[in-house]
1. Kindly indicate whether residue 27 is touching a helix residue (DSSP H, G or I) at 6+ places or on another chain (Cβ under 7 Å), under 25 Å from residue 66 (Cβ atoms) and in contact (Cβ under 8 Å) with a residue 40 or more places away in the chain.
2. Looking only at the stretch 33-70, how many residues end up being out of contact with any helix residue (DSSP H, G or I) (no Cβ under 6 Å at 6 or more places or on another chain) and assigned to a helix (DSSP H, G or I)?
3. If I go through the stretch 36-54 residue by residue, how many of them are surrounded by fewer than 15 Cβ atoms within 10 Å (Cβ to Cβ) and modelled with pLDDT of 85 or more?
4. Determine which single condition residue 21 fails, assuming it passes every other condition in (1) on the phi < 0 side of the Ramachandran plot; (2) surrounded by 13 or more Cβ atoms within 10 Å (Cβ to Cβ).
5. For residues in the stretch 1-16 being over 16 Å from the mean Cα position of the chain (by Cα) and closer than 25 Å to residue 96 by Cβ, which is surrounded by the fewest Cβ atoms within 10 Å (Cβ to Cβ)?
């Protein structure tokens, strides 16, 4: 996770708490792209943020690639992202009809 992404998560947490928990009961999903390492830490950090904000976590998707554009060739990662999108759409439909 880049320092900028972590700073964004930290700032969003403070803003949410200052505004009565604006992310509470919102639906969220974790998506990360990795080159070599760090993806699990990134997903874990985002998961902790969602849970501390009392969000509804739908799942996660992870893509792997070494060079620019390689993640788009990661068939398993694309399948995970597609399934995640379908799960999120299903849940949102159940919640909001």
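1. no
2. Looking only at that region, the number is 14.
3. Here the count works out to 7.
4. (1)
5. Looking at the filtered set, the residue picked out is 15.
The values are calculated or read from the model by the stated rules, or taken from the named source; none is laboratory data. Just so you know, these numbers come straight off a predicted model, no measurement behind them. Don't worry about glycine lacking a Cβ; one is built from the backbone with ideal geometry, like all the others, and counts go over all protein chains shown.
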